[in-house]
1. Quick check: net charge around Gly413, other residues with Cβ under 13 Å of its Cβ, Lys/Arg +1 and Asp/Glu -1?
2. Please name whichever of Phe21, Asn226, Tyr137 sits farthest to the positive end of the charge dipole of the chain, dipole taken about the Cα centre and charges placed at Cβ: Lys and Arg +1, Asp and Glu -1.
3. Using per-residue counts of other Cβ atoms within 10 Å, averaged over each peptide, order 463-470, 30-37 from highest down.
4. Could you order peptides 203-216, 347-360 by the average number of other Cβ atoms within 10 Å of their residues, highest first?
5. In Å², and per residue, what accessible area does the chain have when probed at 1.4 Å with the other protein chains present?
6. Please give me the summed charge of the neighbours of Ser107: other residues whose Cβ is under 12 Å from its Cβ, Lys and Arg +1, Asp and Glu -1.
7. If you take the square roots of the eigenvalues of the alpha-carbon gyration tensor of the range 1-149 and sort them as a ≥ b ≥ c, do you get rounded (a/c under 1.5), prolate (a/b over b/c) or oblate?
8. Leaving out ligands, DNA and RNA, what percent of the accessible area of the range 47-198 is carbon and sulfur, probe 1.4 Å?
Amino acid sequence: MIISKLKIKNYKSIQDMTLEFVKGKNIIVGQNNCGKSNIISAINLVIGEKYPPKRFEDNFYYNNSNNFTIALELDSCNEFDISYMKNYNKKTGLYCLELNSSYLTYSPDDLDELGYANNVIWKSSNEVINIIKEAKYVYITLFSKKNEDTVYTLSMDIGDGHLYKFKYFSQELLSSFITSAIIPSERNLKSELVVNNYSWYGKLIKNVWQNMNEKDFEQLYLHNKNLSIVTNSIFEGLTNELGNSVKDAIPYNKLEFKLIQDTKTDYYKGIKILLDDGYYSLLDDKGSGIKSLIIIELFKLYCKRYHKYSSCLIVEEPEVFLHPQARSVLSKKIDQFLDGNNNQTIITTHSEQFLSNFDIKQLTFITKKNNKSEKYKILEKDFNEKDFQKINIITKTENAEMFFADTVILVEGGEKYILKELFKIYKDDLFLDYNNVSVIKIGGKSYFNIYKKMLEKLGKKVYIIADYDNFKNEVNDFLPNKLQNMLNELKGRTTGLKKYSELTGQDKMDIDILFEYLKQNQIYILHNGELEDYYNKQKIESIKNDNNISGKEVVAHFISTILNKNNINELLNIDNDFKEYVQLIINDLLKNQVIDDSNDSDNFENLK
């Protein structure tokens with residue numbers, strides 16, 4: 001099975017959010033403290049390798065709410081491990097309820113009190129296996145109310161109009177549905193590499209241990225025997241003294257101190273990983289980057305050798321404490337986990353290395369407004385096939401920075417370099433970074449529209465600064481029909497549209513109307529033509545000759561390296577509109593900092 005949806009209500013910074021996941025890679029991005037960790041924490045509470053706490057502290061509840069709900073929807077239900085149910089010899093009780101999402105949060109005790117005890121049907125193991133295989137979705141739900149015990153339930157929708165809820169289920173049954181490795185940003189091996197009967201790591205170590213050959217078993221027996229002799233000798237004095245102290249009060253046949261268990265079954269629980277990377281020590285003592293690599297590779301080995309069903313690898317900030325090349329290696333290793341099977345990964349990241357070779361539908365952008373986390377995601381229904389083809393080209397560029405931004409300024413080429421310097425000159429050096437703004441070079445005017453549509457769908461504010469020749473065709477994407485007709489008439493009157501400086505009378509009035517409409521929609525057209533038309537030509541030609549440089553972008557980049565508030569007017573003639581556009585963006589961003597965001601719906605909707 002795979003995670004298809006996650007519904008969170010009133011948990012930490014999340015008031016009401018539904019996240020959609022796909023088979024394969026899923027990437028969650030956003031600024032620090034926007035709620036990404038809370039999403040991973042929510043998943044961990046539901047399908048982690050331990051049952052959730054019975055009660056939670058007040059800071060787990062959003063904005064002093066009285067309760068919170070976390071519900072996971074699992075899909076591809078025919079892919080589950082039937083071995084536990086095959087060996088389960090008792091009947092299993094299932095409540096047969098109407099298909100209503102409100103029942104997901106009800107405990108068996110709640111249902112009995114409401115009179116649904118007679119709705120319980122008892123099924124054999126084989127019958128339960130068949131029901132699970134027929135299920136459209138499996139729901140694992142956690143409901144917590146302040147000062148009350150947590151309700152943790154398992155339900156199924158098999159497509160017959162009913163919801164089937166387990167009266168009781170065990171951790172073994174839950175791990176039959178989905179095997180997951182969840183690696184939070186703080187790498188704690190005591191919680192991540194737990195050796196027990198339920199954890200994937202415990203199963204890995206136990207399987208390897210129990211498959212030891214006879215020779216190894218004999219050597220282990222002799223080792224344990226000798227270890228017991230030595231241990232008894234070391235503790236002989238303490239054993240005798242303790243025995244003499246308690247023999248009058250406690251009748252016993254034997255008392256001894258033992259260093260470890262001496263059975264084949266339990267001995268493996270003491271296995272630890274040591275690594276010599278120049279310093280030989282326990283893996284617990286290594287850095288977070290090394291821990292991440294080892295845990296991920298161990299989980300991959302477990303899935304490859306012992307788990308043939310779907311598995312989910314969830315990693316929070318895999319880039320932590322890794323240098324760029326190591327990040328790229330780790331990104332490829334995570335991708336390898338997906339090769340040739342039905343596995344799933346969910347990662348949160350701040351690193352561009354983990355946004356290579358991805359599909360835009362795999363990305364979720366998280367932001368926080370007024371202390372509330374919000375999500376934005378592009379779904380299959382949002383674009384047609386042709387647009388998705390263009391978007392997939394965009395995701396293969398080196399513009400991954402834009403997916404982490406809250407605001408994006410789109411330019412065609414070399415404007416990127418000079419524009420960044422203009423913000424420093426007219427505001428300050430940190431203005432773009434402080435406001436989480438990226439200036440992105442799209443490489444061709446035909447991509448302005450699809451970039452804008454894609455980024456706005458991901459919840460980002462988008463500005464465009466474009467050349468005057470966008471009026472030829474591309475600007476039509478941003479104009480209503482009435483203004484498109486006005487532009488076409490203007491082109492007809494001016495033989496394809498003259499330069500702005502050559503327009504007069506009605507022609508100039510019409511083009512100004514178009515400029516104003518676009519400006520009101522954060523699309524800023526350069527009146528002069530293109531960036532080079534704003535250069536002080538004599539000065540720039542001298543610079544090109546003196547420094548032996550050519551090419552539009554090379555020249556623009558060089559100008560940006562020498563541009564400052566003292567020489568700006570010497571190098572550029574931008575007072576007619578370029579300077580105005582920069583100031584408009586600055587003012588708009590400052591204004592948006594104080595605008596309140598509207599509240600989301602408080603309804604707990606059906607996951608489907």
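The values are calculated or read from the model by the stated rules, or taken from the named source; none is laboratory data. The structure presented is a predicted model; accordingly, all values stated were derived computationally and were not measured. Ideal geometry is used to build each Cβ from the backbone, glycine not excepted, and the neighbour counts take in all protein chains shown. With ligands, DNA and RNA removed, areas are computed over all heavy atoms of the protein, side chains included. Shrake-Rupley method; radii C 1.70, N 1.55, O 1.52, S 1.80 Å.
1. Once all neighbours under 13 Å are counted, the net charge is -3.
2. It is Asn226, whose Cα lies furthest towards the positive end.
3. Taking the mean over residues of other Cβ atoms within 10 Å, the ranking is 463-470, 30-37.
4. Result, highest mean first: 347-360, 203-216.
5. For the chain, the solvent-accessible area averages 50 Å² per residue.
6. Net charge in that neighbourhood comes out at -3.
7. Here the range 1-149 falls in the oblate category.
8. Of the solvent-accessible surface of the range 47-198, carbon and sulfur hold 42 percent.
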